[in-house]
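Notes to accompany the following structure.
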Amino acid sequence: MGLGRGYEGQDCSLARSLELIGERWTLLVVRDAFFGVRRFRDFVAHLDVPRAVLASRLHDLVQAGVLQKQPCGQGSAREEYVLTAMGRELWPAVYALSQWGERYLTTGGRRRVFRHAECGTGLDAAGNCPHCGRWIAVDEIEVLPGPGLNLQGRTDAVSLELRLPHRLLTPLQTRPELEQPEAE
Ligand SMILES: [Zn+2]
């Protein structure tokens with residue numbers, strides 16, 4: 001923990017959580033991981049985050065056990081970042097914060113809609129499927145663009161890919177023609 005990041009005087013588990021995920025960019029990295037972003041260059045493309053900052057956040061998340069590094073494919077030298085079981089347990093927090101922001105801090109409608117993949121019903125603010133009458137786990141959720149999403153906004157390959165309805169945690173299929181050499 002660097003200077004100014006900790007809440008040493010706070011004997012509180014919320015303070016411990018914030019020391020990790022309260023760092024600028026960190027929760028957006030986690031959100032993107034839920035959306036299926038796995039590669040360093042895809043996080044950069046989608047977040048416009050300075051590479052050094054991203055590298056530091058990914059390092060911290062791996063150290064904390066929220067993400068794990070694995071090869072991109074069999075025999076691949078490239079690595080990707082995937083949520084661990086511990087990391088996936090952040091979903092209710094990510095979902096609740098985005099719902100709260102939508103309700104109180106943004107205007108213009110939902111940017112994204114989350115629905116129960118099996119029955120197609122939109123989730124309520126607590127993450128329940130009104131049709132099935134139960135809370136829906138992250139790997140059963142589909143995300144799609146909402147009416148408030150600015151389609152003239154971001155045009156990077158990852159944003160375009162994320163506009164297609166897809167199940168959470170499913171790896172992004174960035175199109176080959178958009179592949180760029182990586183320099184990490
Ligand atoms: Zn349902």
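Here, each number is a calculation from the coordinates, and none is a lab measurement. Just so it is clear, the structure is predicted and the values come from calculations on it, not from any experiment. FYI the Cβ positions are ideal-geometry reconstructions off the backbone, even for glycines, and counts take in every protein chain you see.
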The chain: relative contact order as a whole-number percent, Cα under 8 Å and 6+ apart: 20
Rotationally averaged projected area of segment 1-89 (alpha carbon convex hull; nm²): 6.2
Orphan Cys of the chain, criterion: no other Cys C-beta under 4.7 Å: Cys12, Cys72, Cys119
Net dipole in debye of segment 13-172 [+1 Lys, Arg Cβ; -1 Asp, Glu Cβ; about Cα centre; nearest 20]: 220
Cβ-based exposure ranking for Thr106, Thr121, in which fewest neighbours within 10 Å come first: Thr106, Thr121
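Just the C-alpha atoms of the chain: what Rg/Rh do they give, with Rh taken as the Kirkwood radius?
0.96
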Among Leu61, Leu105, Leu97, residue whose mean-square fluctuation peaks in a GNM of the chain (springs only between Cα atoms under 10 Å): Leu105
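Return the calculated 222 nm mean residue ellipticity for the chain, to the nearest 500 deg cm²/dmol, obtained by summing -39500 (n - 2.57) across DSSP H runs with n ≥ 4 and dividing by the residue count.
-10000 deg cm²/dmol
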Span-rule helices in the chain, defined as complete DSSP H runs reaching 15 Å or more along the axis (Cα) with Kyte mean at least 0.0: 51-64
Contour minus Cα-Cα distance for His59 and Arg78 (0.36 nm per residue): 5.3 nm
